[in-house]
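Reading through the structure tokens given below for one structure.
The values are calculated or read from the model by the stated rules, or taken from the named source; none is laboratory data. Bear in mind the structure is a predicted one, so any value in this text is a computation, not a measurement. All Cβ positions, glycine included, derive from the backbone under ideal geometry; neighbour counts span all protein chains shown. Each accessible area value is taken on the protein alone, full model and side chains, heavy atoms only, with ligands, DNA and RNA left out. Shrake-Rupley method; radii C 1.70, N 1.55, O 1.52, S 1.80 Å.
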Amino acid sequence: MQPKPDWPLYEIFVRARGGLDHKHVGSVHAADASMAMEHARDVYTRRQEGVSVWVVRSTDIVASDPDEADALFEPARDKIYRHPTFYDIPKEVETL
Amino acid sequence: MYTQGLNELAARPLAAGQENPELLRRFEARIDAEEKIEPKDWMPEAYRQTLIRQISQHAHSEIVGMLPEGNWITRAPSLLRKSILIAKVQDEGGHGAYLYSAAETLGISRAELVDQLLSGAAKYSSIFNYPTLTWADVGAIGWLVDGAAIMNQIPLCRCSYGPYSRAMIRVCKEESFHQRQGYDLMLKLARGSAAQRAIAQDALNRWWWPSLMMFGPPDTASPHTALSVRWKIKRFTNDELRQKFVDFTVPQARFLGLEIPDPALRWDAERGQHVHGEIDWSEFQDVVRGNGPCNQDRLQARRDAHESGRWVREAALAHAAKHARAAAA
């Protein structure tokens, strides 16, 4: 017999302190978003690891496909002129 | 903690030779380059199955591991010790949750994982099939069992599978509290009355050998180590980690004024290591097969908890569905 289905999965993002981005820390199962928030608080912030939490239904996240990584990210590799270090500026020129 | 799953590969994984050779070559090149493998990346079936088994055994161990210590929460000798113990047991539950999350990224559901534990199909660390007879056992578990766990877990922070590695980093940050509160508890007993010293020694006597067994069978009897090491699921062998544990722990016992229950234990100056006596592997095999002192109790406690919680899980879903309908209307 197949086990009963789980509560839906939520991905958890925590802002460690003001001024930082929310960062993915893991996931919890919960019946709804408010329960996901309570579980996230208990599971991921027992030692003041955060000041703010986002919970997102895992099925609502659209992720890039690793098989398409070359097509997505490779074209940026040969555009080295996008980086400031590409340009040789004479030493005499200051504050540039 | 608790990674005896390290010693076993999945029952019938695809042999490496049956995988697509080009994908396998690229996978192994990434492993060699110390890159992390992430959930949606291609991976050999044997890698996936080995990780599912190892991470889930590890998760089950955290959850079952709440039971022996939970046994003492209502009888902790002070409010502070009770608060510490509750925090520690809550951490173990948290570790179980991090690890189940990591295992689920490999394509197995939480419900299947829990089912495997409750049906007895999955294993958990043999150490939790021993009883906690006195308050000193709470100290011995923190000091020795969590100490052995840390030894196993620190290298797992560098495991090649990203979600497992990240979960282990989180776990390791918290384990240090567990070990130190245990040693602190032992220290208080060791410096206490004769009766307190006696229960401290008794706890060490009972937990020492099972703690050494936590590292799993000797390397000569652990045939799957090679592939796990090659794929960087495992970084050190059982015997290497066990040796390190003994070398760390013997001086800590000496400081407590307690005696390690091993008459053969000696310092080998030439090797710069302690040499310990023979481990009784028949006891280990027996406990793993289900014949330890508490195997039945532990599984029954988990089954009872799962059954008693069933109506809550179902009611929460019904409540969420009702509110979702109301919101949509």
### Message
Which of the numbered conditions does A:W54 fail, given that it passes all the others? Conditions: (1) under 20 Å from the mean Cα position of the chain (by Cα); (2) of a type outside the set (V, I, T); (3) part of a loop (DSSP other than H, G, I, E, B).
### Response
(3)
### Query
Looking at region B:68-84, is at least one residue within 14 Å of chain A (Cβ to nearest Cβ) and touching a residue at least 12 places away in the same chain (Cβ under 8 Å)?
yes
### Task
From the list B:R289, B:R266, B:R325, B:R271, pick out the single residue that is more than 26 Å from B:L185 (Cβ to Cβ), under 19 Å from the mean Cα position of the chain (by Cα) and open to solvent by 80 Å² or more (accessible area, probe 1.4 Å).
B:R289
### Query
Of all residues in region B:90-134, which are more than 7 Å from every other protein chain (Cβ to nearest Cβ) and closer than 18 Å to A:E11 by Cβ?
B:L99, B:Y100, B:A102, B:A103, B:E104, B:T105, B:L106, B:G107, B:I108
### Query
Taking the condition touching a Lys or Arg at 6+ places or on another chain (Cβ under 9 Å), within 13 Å of chain A (Cβ to nearest Cβ) and among the small types (G, A, S), does B:A87 pass?
yes
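Evaluate region A:61-68: report whether one residue or more is open to solvent by less than 50 Å² (accessible area, probe 1.4 Å), aliphatic (A, V, I, L, M), in contact (Cβ under 8 Å) with a residue 40 or more places away in the chain and not in a helix (DSSP H, G or I).
Residues of region A:61-68 that are open to solvent by less than 50 Å² (accessible area, probe 1.4 Å), as a first pass: A:66.
With the extra rule that they be aliphatic (A, V, I, L, M), the set shrinks to none.
The answer is no; no qualifying residue exists.
Conditions (1) among the charged types (D, E, K, R); (2) open to solvent by 20 Å² or more (accessible area, probe 1.4 Å), marked per residue:
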position: B:Y130; (1), (2): no, yes
position: B:W135; (1), (2): no, yes
position: B:V145; (1), (2): no, no
position: B:Q153; (1), (2): no, no
position: B:S176; (1), (2): no, yes
position: B:L189; (1), (2): no, no
position: B:Q196; (1), (2): no, yes
position: B:R206; (1), (2): yes, yes
position: B:S211; (1), (2): no, no
### Query
Does region B:138-160 include one or more residues that are of a type outside the set (D, E, K, R), more than 14 Å from chain A (Cβ to nearest Cβ) and in contact with a strand residue (DSSP E or B) (Cβ under 6 Å, 6 or more places away or on another chain)?
yes
### Task
Identify all residues within region A:25-48 that are at the interface with chain B (Cβ under 9 Å from one of its Cβ atoms) and closer than 17 Å to B:A167 by Cα; write none if there are none.
A:V25, A:G26, A:S27, A:V28, A:H29, A:H39, A:D42, A:V43, A:Y44, A:R46, A:R47
